[in-house]
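Here's the structure, in structure tokens; my notes come after.
The values are calculated or read from the model by the stated rules, or taken from the named source; none is laboratory data. Computed from a predicted structure; not experimentally measured. Here the Cβ positions follow ideal geometry from the backbone for every residue, glycine too, while neighbour counts run over all protein chains shown. Please note that ligands, DNA and RNA were not included when accessible areas were found on the heavy atoms of the full protein model with its side chains. Shrake-Rupley method; radii C 1.70, N 1.55, O 1.52, S 1.80 Å.
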Protein chains: 2
Amino acid sequence: MDRIRNGWFSELSELWPGQCFSLEVKEVLYKDKSKYQDVLIFESKNNGRVLALDGIIQCTQKDEFSYQEMITFLPLCSHPNPENVLIVGGGDGGVAREVDKHPLVKRCVQVEIDDKVVESSKQYLPFMAKGFTSPKLTLHIGDGFEYMKQHTSEFDVIITDSSDPIGPAVNLFTESYYKLLKQALRPNGIVSSQMGTMWTDLPQIKQTMNNCRKHFPNVRYATSSVPSYPDGQIGYLVASLDASLDLTKPSFKFTQEQITEHNLRYYNDEIHSAAYVLPNFVKKELY
Amino acid sequence: MDRIRNGWFSELSELWPGQCFSLEVKEVLYKDKSKYQDVLIFESKNNGRVLALDGIIQCTQKDEFSYQEMITFLPLCSHPNPENVLIVGGGDGGVAREVDKHPLVKRCVQVEIDDKVVESSKQYLPFMAKGFTSPKLTLHIGDGFEYMKQHTSEFDVIITDSSDPIGPAVNLFTESYYKLLKQALRPNGIVSSQMGTMWTDLPQIKQTMNNCRKHFPNVRYATSSVPSYPDGQIGYLVASLDASLDLTKPSFKFTQEQITEHNLRYYNDEIHSAAYVLPNFVKKELY
């Protein structure tokens, strides 16, 4: 499955028929087939380094910070005391990099199924993989489902940094996954998950939110701008076991000094609230 | 200049090097060269009808409402009494369609330079061109610069619905254009203009805002999500002659009944405020 032709990588997928985003390739850095998926890392001409799994862009150096910061701080800054954090997936290290920045986090466990993603990211995507050097972090290579079955009532926040609902990540959008998340959470725990684009995936988002609502009383959809994802946008499902918590109002706010110190390029407390404000065509479907 | 190959239209441009968005083509409906630009209208496979000028997508049926509603209602709903409106450009009729919906507008003048855009839109893009049937509207085919030189202190709101700063629209981003806008406005008038994407055009946005600031005391940048534009996002420069007006707080709010009646699919008063909330990397550059 070679998606590079005439020096351009094209992201064709049955998930978004009739449209395609392409990036000009400067140099292919890594290409391999793991037990789970095709892993490709290339240097693009104008978007920095790019990671693609099964031909789908996971992150580019130009805009990855929007996704990593938002999927991390939307749940962490809403939780009054996010001491214990679990990351499911996130093999590039970007989410671990952001979790490390939150002053209230004491311990972070990450469970990633594909060690080839971790190893190739360490070698070719150091700007993200530096997350693996966090002193708070313990990394397990394994199945997030199995890990959570053995760890109940343990985490304050669980972040599911997955690929799209096709291939190895398909189970991360089901009702049984949200049941497991609930069991692995401490009281009043919060989860966040990658949740597609409002322009193309609205039926899938609606269904996943309904799956989540069977186990969580408080379920919201937020968005941020990420040019290299389909439709230039990505969504986040954020859910809390605390029915009365207003997820749109952060309880922890980074100071301007912390924003500079931690190089937060996207997230701030105003963005936190604005991310939950939706166009009429989306509001109508989801709420 | 044929941008359609193997059944796909590809939007390559020196304005966004190294990246490219493509749409699968079902049928080419119109193709001509006007005095000003190449005009192409096609039926796409999954995004409805598409208008491209000089090979750059101006609107697709799937997502045009985000752009048209936002460039129109950000200024109109901030103005306490937008009785007289001028549209510069907007040859597809989409902005005129939205202006017609605002209850306080009494009269709207539109000046579009290219009658081939108007005529082909009337024939092939009726969902936008229906804006031309507004009883409030007078359409002039001509140069917006020349029109404004002859009409001073006349308009409450001026909307510049242009293509990108290349080709016929290049002058609409200059200091002298903002001087003309100021002269054509009544006291406390407001303008809005298409203003590129924060991911690729930040230096251009900054420069245009500085051009505008030489004549307007109150200049802001807002954004909305539009998948078929570069980076899946577009920005709006909104400026007021009233230095004390908070452009982020709409003075006119559509009721839920009006939203339904007028088929507003994107804009609401929460979106109005959220559109001005910017990621740190953008805030730092523009304010």
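Things worth noting here:
- Selected residue (criterion: surrounded by the fewest Cβ atoms within 10 Å (Cβ to Cβ)) from residues of the stretch A:12-41 that are within 14 Å of another protein chain (Cβ to nearest Cβ) and not in a strand (DSSP E or B): A:Glu14
- Any hit, the stretch A:187-199, residues being without any contact (Cβ under 8 Å) to a residue 40 or more places away in the chain and more than 19 Å from the chain's Cα centre (by Cα): no
- Filter result for A:Glu261 (farther than 21 Å from A:Gly94 by Cα and surrounded by fewer than 17 Cβ atoms within 10 Å (Cβ to Cβ)): no
- The criterion of at least 2 residues that are within 30 Å of A:Glu257 (Cα to Cα) is met by the following helices (runs of 4 or more DSSP H) wholly inside the stretch A:88-206: A:94-99, A:115-124, A:126-129.
- Yes/no for B:Ser244 being out of contact with any helix residue (DSSP H, G or I) (no Cβ under 9 Å at 6 or more places or on another chain), among the small types (Gly, Ala, Ser) and either open to solvent by less than 40 Å² (accessible area, probe 1.4 Å) or free of Cβ contacts under 8 Å to residues at least 60 places away in the same chain (or both): yes
- Exactly one residue among B:Phe65, B:Phe9 is more than 16 Å from the chain's Cα centre (by Cα), aromatic (Phe, Trp, Tyr) and within 14 Å of chain A (Cβ to nearest Cβ), and that residue is B:Phe9.
- Flag for B:Lys253 being open to solvent by 30 Å² or more (accessible area, probe 1.4 Å), away from chain A (no Cβ under 13 Å) and within 20 Å of B:His79 (Cβ to Cβ): yes
- Any pair with Cβ under 7 angstrom, 6 or more apart, that starts in the stretch B:268-283 at a residue that is closer than 19 Å to B:Gln258 by Cβ and within 7 Å of chain A (Cβ to nearest Cβ) and ends at one that is open to solvent by less than 10 Å² (accessible area, probe 1.4 Å) and in a loop (DSSP other than H, G, I, E, B): B:Ile271/A:Pro279
- For the stretch A:213-250, a residue qualifies if it is among the aromatic types (Phe, Trp, Tyr), assigned to a loop (DSSP other than H, G, I, E, B) and more than 10 Å from every other protein chain (Cβ to nearest Cβ), and exactly one does: A:Phe216.
- So A:Ser78, is it open to solvent by less than 20 Å² (accessible area, probe 1.4 Å), at negative phi and assigned to a loop (DSSP other than H, G, I, E, B): yes
- Pairs are defined by a Cβ separation below 9 Å, a sequence spacing of at least 6 or placement on different chains, a first member in the stretch B:148-170 that is more than 11 Å from B:Val109 (Cβ to Cβ) and open to solvent by 40 Å² or more (accessible area, probe 1.4 Å), and a second member that is in a loop (DSSP other than H, G, I, E, B) and of a type in the set (Gly, Ala, Ser); the pairs so defined are B:Ile166/B:Ser13; B:Pro168/B:Ser162.
- Unmet requirement for B:Gly90, which otherwise passes all of (1) open to solvent by 10 Å² or more (accessible area, probe 1.4 Å); (2) on the phi > 0 side of the Ramachandran plot; (3) at pLDDT 95 or above: (1)
- B:Gly196, sole failed condition from (1) open to solvent by 20 Å² or more (accessible area, probe 1.4 Å); (2) farther than 26 Å from B:Pro103 by Cα; (3) more than 11 Å from chain A (Cβ to nearest Cβ): (1)
- Looking across the stretch B:264-282, just one residue is assigned to a helix (DSSP H, G or I) and open to solvent by 70 Å² or more (accessible area, probe 1.4 Å), and that is B:Glu270.
- For the stretch B:131-147, the set of residues classified as closer than 12 Å to B:Leu86 by Cα and surrounded by 17 or more Cβ atoms within 10 Å (Cβ to Cβ) consists of B:Leu137, B:Leu139, B:Gly144, B:Tyr147, listed by residue number.
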